[in-house]
Protein chains: 2
Amino acid sequence: MADAETTARRYPGRLIVFEGLDGSGKSTQAQLLRKWLAFRGYRVFFTEWNSSDLVSDTIRRGKKRNLLTPTTFSLLHATDFADRYERHILPPLQAGYLVVCDRYIYTAFARDVARGCDSGWVRNLYAFAVRPDKVFYFRVPVQTALARKEASRQKISYYEAGMDLGLAGDAADSYLAFQGMLKREYERLSGPEGFQVIDAEQQIEALSNEVRRGIRPLLDGFPKEEVLVHGS
Amino acid sequence: MADAETTARRYPGRLIVFEGLDGSGKSTQAQLLRKWLAFRGYRVFFTEWNSSDLVSDTIRRGKKRNLLTPTTFSLLHATDFADRYERHILPPLQAGYLVVCDRYIYTAFARDVARGCDSGWVRNLYAFAVRPDKVFYFRVPVQTALARKEASRQKISYYEAGMDLGLAGDAADSYLAFQGMLKREYERLSGPEGFQVIDAEQQIEALSNEVRRGIRPLLDGFPKEEVLVHGS
C-alpha cells in the first residue's frame, strides 16, 4: 500500500534534490553531480520532473484546450509526480541508490501556491513523498534567470510565464512577475525545509565545488558499487 | 482562484448527494428525484461520478496496463472529480440550481481508504469541494447488492471487485469482500458527515417517499423557475 504513512518508511538510499528557477543552473549541476558520483563508484539514479508519461497527454490536452483550473492543474501534476515517484524514485531508494532529482515536491509547492492553491492543501497532497536527505536551492535574481533563458534561445511557454494568471500582457513581463512569485515561495520554504541555499551567480566550477562539499556528509560510509570501484 | 478556501464560499443553489454501494438503488432514486423536482418547477442539474473526459483515457490506460498504485489511482480520480466539480457542480450551484449528484466525495473516501490510502490524506485531497446540503446514504446488505448486480446481468469489473487488492481469487468473493470494506467506510462516515441513512431494502415507492420527505426542508422558500411554473 503506497499511502502517506507507509511510504515514509526508511530506505537504504539517499535522496538529493536540486530546486530553483529555470535558468538558475540547477539542472547542469544535477547532471554534473550525477557524473561525479558515478565516477566515484556510487550507484546513482537520476530523474527529472515531468518524465512520467502516465498523464502527460492529459496535461498537454488540458493546456491546449485551456481547461485547467489551479486545482485540476495541481492535481494532474501531483498524479504525474506520484506515478514517477512510485516507479522511479522510491524503488531506487529502496535498492540503495543515490537518487538525484532535478526538481521535487518543492517545485509543485512554489508553482501551485503561486497559482492560488492553499499551501496546506498542496503540502498534504504530496504527503506520500519522503523528505529528501539534501535539498540544494539555487538562488538567482529573476532578471538573471530571464537573461539566461533568453541567451539559450529557449522559448518561454505560456504556463512557464504564468500567462494563465493574467499578470501582464507581454510574455517577458509575465515571466518576470511569475518567476518572482515562484522565487518568493522558494525563499519562504528555504528555512523550514532546511534547503542548502546556493548563490547561483557563481562560476560553474565554484557551484560544483559547493555542491560536492554539501554532499560529502551524506556519503560518509555510504557503500560504493561492488563491481566498479574507482579510486576516490 | 479555485483553492480549498475560496470554493467554500456561499452559493445560492443546493447540493443533494446520493451515496451507497452499487446495487443499493441510489442511482434510480437520484433520477426519480431529479424528475420530481423538475416537474415541480425547480431548476435541477444532475451529474454522476466519472462523467468528466479530462482524465478518463488516462484512467483506462493506467488500469489496462495495471500501472496504478493506490496513490496514483486516488489522485487520478481526484483530478477527474475536480474537473467535473469545477465545470458541472460549482457553476450550477452558483447559478442557483438544485444540483443532484449520483456519488460525490464520499465515494472516493470509501474507495481510497479501502485501497489503503490514509483517510486524512484523502479527506484533504477533496477539501476544495463544498459540503453538500444533503447526503442520502442508501444502506444495503452487501449480499443484496451483489444479487441485484447479478440479476441486472451487469459484468463485475476488475476494479469494482477490488481484484487488484488480492482479496480473493474469485470475482464474486472479491466483490463481496471489497464492497464490505466500502460499506464499513460509509458506515464510519455516516455519523460525522450527517448522512440521512435510508434502508435501501424497501420498495421503490417507499424509497422515493423517504427521499422526498428528506428533501422538503431544503425546498422551503427555494425559488422555482420563473418560466415553467407547475402546480405544486
*asked:* For A:E48, what residues show an amide H to amide H distance below 5 Å, using hydrogens built from the backbone and excluding near sequence neighbours?
replied: A:D102
*Over all residues in A:73-85, what is the mean tally of Cβ atoms on other chains that come within 10 Å of each residue's Cβ?*
6
_Can you classify the stretch A:73-201 as rounded, prolate or oblate using the Cα gyration tensor, where a ≥ b ≥ c are the square roots of its eigenvalues, rounded means a/c under 1.5, and otherwise it's prolate if a/b beats b/c and oblate if not?_
prolate
*Using a 10 Å cut-off on Cβ to Cβ distances, tally the other chain neighbours for every residue of A:128-140 and report the average as a whole number.*
1
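Give the calculated FRET efficiency between B:A147 and B:R60 to the nearest 0.05, with a Förster radius of 22 Å applied to their Cβ-Cβ distance.
Working: r = 29 Å, r/R0 = 1.30.
Here the calculated transfer efficiency is 0.15.
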*Counting Lys and Arg as +1 and Asp and Glu as -1, what is the net charge of the other residues whose Cβ lies under 13 Å from the Cβ of B:A95?*
+2
_Cβ neighbours within 10 Å, averaged per peptide: list B:34-47, B:158-171, B:117-130 in order, most packed at the top._
B:117-130, B:34-47, B:158-171
_J(HN,Hα) series, the stretch A:127-141, from Karplus relation 6.51 cos²θ - 1.76 cosθ + 1.60, nearest Hz, glycine and proline x_ = 5, 6, 8, 5, 6, x, 7, 7, 10, 9, 10, 8, 8, 9, x
*Normalised contact order of the stretch A:108-211, rounded percent, pairs of Cα under 8 Å and 6 or more residues apart*: 35
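Beta carbons within 10 angstrom, averaged per residue: use that to sort the peptides A:200-207, A:102-109, B:195-202, A:10-17, highest first.
Details: A:200-207: 13.9, A:102-109: 23.2, B:195-202: 17.0, A:10-17: 18.9.
In decreasing order of mean packing, A:200-207, A:102-109, B:195-202, A:10-17 become A:102-109, A:10-17, B:195-202, A:200-207.
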*What number, in percent, do you get for the relative contact order of chain A if the mean sequence gap of Cα pairs under 8 Å and at least 6 apart is divided by its residue count?*
32
*asked:* Cβ neighbours within 10 Å, averaged per peptide: list A:74-81, A:22-29, B:146-153, B:186-193 in order, most packed at the top.
replied: A:74-81, A:22-29, B:186-193, B:146-153
*Summarise the partner chain shielding of A:119-125 as one whole number: the mean count of Cβ atoms from other chains within 10 Å of each residue's Cβ.*
5
*Distance (nanometres) between label positions extended 7 Å along Cα→Cβ at A:I204 and B:K35*: 7.2
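Nearest 500 deg cm²/dmol is fine: what mean residue ellipticity at 222 nm does the protein assembly as shown get from its DSSP H runs of n ≥ 4 alone, each adding -39,500 (n - 2.57), divided by its residue count? Please report the intermediate quantities before stating the final value.
Numbers: 18 runs with 212 residues, N = 464.
It comes out at -14000 deg cm²/dmol, rounded to the nearest 500.
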*Name the residues whose placed amide hydrogens come within less than 5 Å of the amide hydrogen of B:V17, ignoring near sequence neighbours (fewer than 5 apart) on the same chain.*
B:C101, B:K134, B:V135, B:F136
*Amide H to amide H, which residues 5 or more places from A:V197 or on other chains are under 5 Å from it, using H placed in the peptide plane?*
A:Y137
*Given charges at beta-carbon only (K, R positive; D, E negative), |dipole| of chain B in Debye*: 340
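Only the coordinates and a few stated rules stand behind these numbers; no lab work does. For clarity, every value in this text was computed on a predicted model and none was experimentally measured. Positions of Cβ are backbone-derived with ideal geometry, glycine not excepted, and every protein chain shown enters the neighbour counts.
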